[in-house]
Amino acid sequence: SGEVPEEPVVSKSSGLLFEKRLIERHIADYGKCPVTGEPLTLDDIVPIKTGKIVKPRPVQAASIPGMLGMFQNEWDGLMLSNFALEQQLHTARQELSHALYQHDAACRVIARLKKERDEARSILAQAERQFPISTTNDATANAPVHSNGKRAADDEELAPNAKKLHPGISSSIISELTECNAALSQQRKKRQIPATLAPIDAIETYTQISSHPLNKTNRQGIISLDILYSKDLIATGNIDTNAVIFDRPSGQVLASLSGHSKKVTSVKFVGQGESIITGSADKTVRLWKGSDDGHYTCRQILKDHSAEAKSAVSFAGLVQAVTVHATNNYFVTASLDGTWCFYELSSGTCLTQTAAHDGVKLWDLRKLKNFRNFAPYDKDTPTNSVEFDHSGSYLAVGGSDVRIYQVANVKSEWNLIKTFPDLSGTGKSTCVKFGPDSKYLAVASMDRNLRIFGQPDEGGYPPLHTMVYVEWSKYTRGFLQ
């Protein structure tokens, strides 16, 4: 140990002096003398007695020069250790830098491959639109139709994970859409704001003039509506799985469309009301055909969104919105599965399906440019409905309240004219729609009421029987449900 032994022992064979605890450990491990290498056992060592003496100090500590030498040795050892640590740190930094470089290179390669993949998909989609698959068209045209309008080749007949083939938007359809766009653009340039349009001063005085509970059950909520201007009819989509056709001047329900198994999320008139399209949370779209007696029958059931749901959550495939093209020959549906579908109205064929919640974005379709954004609510409050009036003078936004903006040009600010608070008590307006010449605003809410906002001093009050019905419903609602 290099120190004076506390329990000294002597080897019988070599006469060497050892520390007892150290030699016993060495014998137990190796069985030989640590100096001579000869065999050694515990019986070969003999304890000796020594006097209790003070341990002498090291020679170096006996003088100042010696102590300085000791300090110098310790300093040198510390510097050598520090140098070794710096070398290890430098090596570790080089290895980390190399690993980061490899990671960055891998990310760049992945990004390039994703870009090439997206470009290839875009080229393929363009090719499918320009050269539609004729065999698919023929097969779709010749497919038998059931009495309820559902196509025979339903999604259930496809193999698992199979992707449906769509014929694509042909060049003739593109020409038809382009011609319609050109004609409407010319009209829009020449179109004057009608003299009968409600002025800003009138809209600022709008208030609720009537309320109509349209749901049949206690499952509250109207979540979509559309207005047929030529007849002043309002169609609503309700949580009770029905769509209702409501005559606003008389305050009467004309028809109820039943057939969906879940809430009706979107409803649209086609043309002059000869047909109606409804979308639902049951992942289907239904085409309804009107008759002379005012009744509607389901002509077709479309299930394109339920077949290609891309999300594992329970509402994947929920049809969220439906809109009809100005030609009245085509319509588009949007779903929570992340896709939209372009349909031909006459046959109910899905021509194409490419995939796309943050406030409102307005787009200039001539330049395909997003020129204005609205974020009226916080990030946890969705915007449920956006609607221009027919003249393009006003924009209504519905969410936790209803706001009306005055439409200006692309560069100017759009003034907020009027804000209607939520009167339903649910904190959610689900759909808004301007009436003819913006004389009134129809608002649907989650409390199953259709509310009409307008000027009460210009004949806006509903007929007396409607008011009595509304008041009576407050007292009889619990019994009727």
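Before I look further, what does the stretch 171-454 give for accessible area per residue, probe 1.4 Å, in whole square angstrom? Intermediate results must be reported in sequence, preceding the final value.
Numbers: 13180 Å² over 284 residues.
Per residue, the stretch 171-454 has 46 Å² of solvent-accessible surface.
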Mind checking the dipole of the stretch 69-127: about its Cα centre, +1 per Lys or Arg Cβ, -1 per Asp or Glu Cβ, Debye to the nearest 20? 640 debye
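Of Glu413, Glu176, which has the most accessible area and how do the rest follow, probe 1.4 Å? Display every interim value, and only then the final one.
Numbers: Glu413 140, Glu176 55 Å².
Largest accessible area first, the list is Glu413, Glu176.
Full-extension gain between Lys115 and Glu38, please, as 0.36 nm times their residue separation minus the C-alpha to C-alpha distance. Don't jump to the answer; show the numbers that get you there.
Working: separation 77, 0.36 × 77 = 27.72 nm, distance 7.72 nm.
That pair, Lys115 and Glu38, stretches by 20.0 nm at full extension.
If you count, for each residue, the other Cβ atoms within 10 Å and average over each peptide, how do 388-399, 110-121 line up from highest to lowest? Before the final figure, lay out each step's value.
Working: 388-399: 20.0, 110-121: 10.1.
Ranked from most to least packed, the peptides come out as 388-399, 110-121.
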Applying the gyration tensor rule to the Cα atoms of the stretch 171-454 (axes a ≥ b ≥ c; rounded if a/c under 1.5, else prolate if a/b exceeds b/c, else oblate), the class is rounded
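Tell me, what does the Kirkwood hydrodynamic radius of the stretch 61-114 come to in angstroms if you use every pair of distinct C-alpha atoms? Could you put the intermediate results ahead of the total?
Values: mean 1/r = 0.0673 Å⁻¹.
Result for the stretch 61-114 stands at 14.9 Å.
The values are calculated or read from the model by the stated rules, or taken from the named source; none is laboratory data. Owing to the predicted nature of the structure, the values given are computational and were not obtained by experimental measurement. All Cβ positions, glycine included, derive from the backbone under ideal geometry; neighbour counts span all protein chains shown. Please note that ligands, DNA and RNA were not included when accessible areas were found on the heavy atoms of the full protein model with its side chains. Shrake-Rupley method; radii C 1.70, N 1.55, O 1.52, S 1.80 Å.
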